[in-house]
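S.K.: Dropping the structure in here first, questions after.
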Amino acid sequence: MRLWVVKANENPESGSGGWHWDNYLFGTANDGQEWGGPDWVRSHCSKKLIREDVRKNDLVVCYQTERPRGAIRGLTRMASDGKDDPPDSGDYNLLNFVPPEDALNLDSGLDIRALYATGCHPKCFGPGSQGTIFPIEQPDFDAIIKALIGQSCVQEAALFKWLRGAGYLSRSQAQTAKNITSVRLPDDDDAPPRKVNLITQRVVRNTAKGESLKRLYDCKCQVCGYRVAVPRAGSGVYAEVHHLRLLGANHGGWDNRNNMLVLCPNCHAEFDAHAMAIDPRTERSVCYGRNPKSGKKLKFRRGHVLAPENVQSSWNCLFKTKPGPAQTD
Ligand SMILES: [Zn+2]
């Protein structure tokens, strides 16, 4: 499968009336669209490519060269090999595209300057490139795809579906844009994250206590009751343990079950951010902002109680970074 850029413009010096990709991309024809002809394709280079290299199912970047600047308007495929017109004349000047419904009409075309801003400068878009059809290298094609995604994530799904349908991407590649590793957005890192060596102290936790507590609750969140199912061997469920009073000398928390809650990741994050705590008087949750989990009575199973001083410690930290009234509805 080869990759092509096909240029169109509406002000041809040939006087044939010109072409605009919108006429094709917004068209309703059910069969292929022939494009070019003896009045249109005159470049010796283009004719040679059409005769020797253009093949059925090759991919085409639809480029409109209108002043003041060009834009990529869509993607399509060749419905046949390159053709000569008139037939059997040996004058290869005709392309044949798949029906418009099988092409990809980009919701928002890609301004060529937006492509240049990504660092991609295919020669065929530059000044002085004469002709109708140009081969394009895969890295440049991929850069165009990524620039389109970077410009409008809305069209990402349609784009990958089309590329898969056109045979350019495998199913797994189409399912995740990240699998296209040969292209990068302008703000992508071009190297793995830097690593530094640090000497640190960390609290050694007794994971056995936390694990036994998770088992006691069957990994169900004590606040919201949610249990995360995960596709792995063993229990197939996931929960986290939160220490109400933080461990370590600065905080005074102990690694005991009377300082632990079994939580889902969301509730854990809210406790850690001091956006949720347990009211020591009511043993109900109190949350920052409008949160449907406010006012929940925490669930406790036999054999697990919290020490009041640990509940109080967590309560004292509630809304610590942004004081505000407690809301319970
Ligand atoms: Zn939860």
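The values are calculated or read from the model by the stated rules, or taken from the named source; none is laboratory data. Everything numeric in this text was worked out from a predicted model, so none of it was measured. Ideal geometry is used to build each Cβ from the backbone, glycine not excepted, and the neighbour counts take in all protein chains shown.
S.K.: F160 versus (1) modelled with pLDDT of 85 or more; (2) surrounded by 20 or more Cβ atoms within 10 Å (Cβ to Cβ); (3) in a helix (DSSP H, G or I): which is the lone unmet condition?
M.R.: (1)
S.K.: Six or more apart or on different chains, Cβ atoms under 9 Å: show the pairs whose first residue is in the stretch 258-282 and of a type in the set (G, A, S) and whose second is surrounded by fewer than 19 Cβ atoms within 10 Å (Cβ to Cβ) and assigned to a helix (DSSP H, G or I).
M.R.: That search, which allows pairs on different chains as well, returns A275/A269; A277/W315; A277/N316.
S.K.: Taking only pairs six or more apart or across chains, which ones have beta-carbon atoms under 6 Å, a first residue in the stretch 205-224 that is within 19 Å of S285 (Cβ to Cβ), and a second residue that is more than 16 Å from the ligand (Cβ to nearest atom) and modelled with pLDDT under 95?
M.R.: Sorted first by the residue in the stretch 205-224, then by its partner, the pairs are L213/R257.
S.K.: Out of all the residues in the stretch 65-105, which are within 19 Å of M1 (Cα to Cα) and in a helix (DSSP H, G or I)?
M.R.: D102
S.K.: Among what's in the stretch 255-306 and is outside any loop (DSSP other than H, G, I, E, B) and of a type in the set (S, T, N, Q), pick the residue that is nearest to the ligand (Cβ to nearest atom).
M.R.: N266
S.K.: Does the stretch 284-296 hold any residues that are charged (D, E, K, R) and out of contact with any helix residue (DSSP H, G or I) (no Cβ under 8 Å at 6 or more places or on another chain), and which are they?
M.R.: R284, R290, K296
S.K.: Output yes when any residue across the stretch 106-115 is in a strand (DSSP E or B) and under 26 Å from D39 (Cα atoms), and no when none is.
M.R.: no
S.K.: Which residues, counting only those in the stretch 101-125, are in contact with a Phe, Trp or Tyr (Cβ under 9 Å, 6 or more places away or on another chain) and of a type in the set (K, R)?
M.R.: K123
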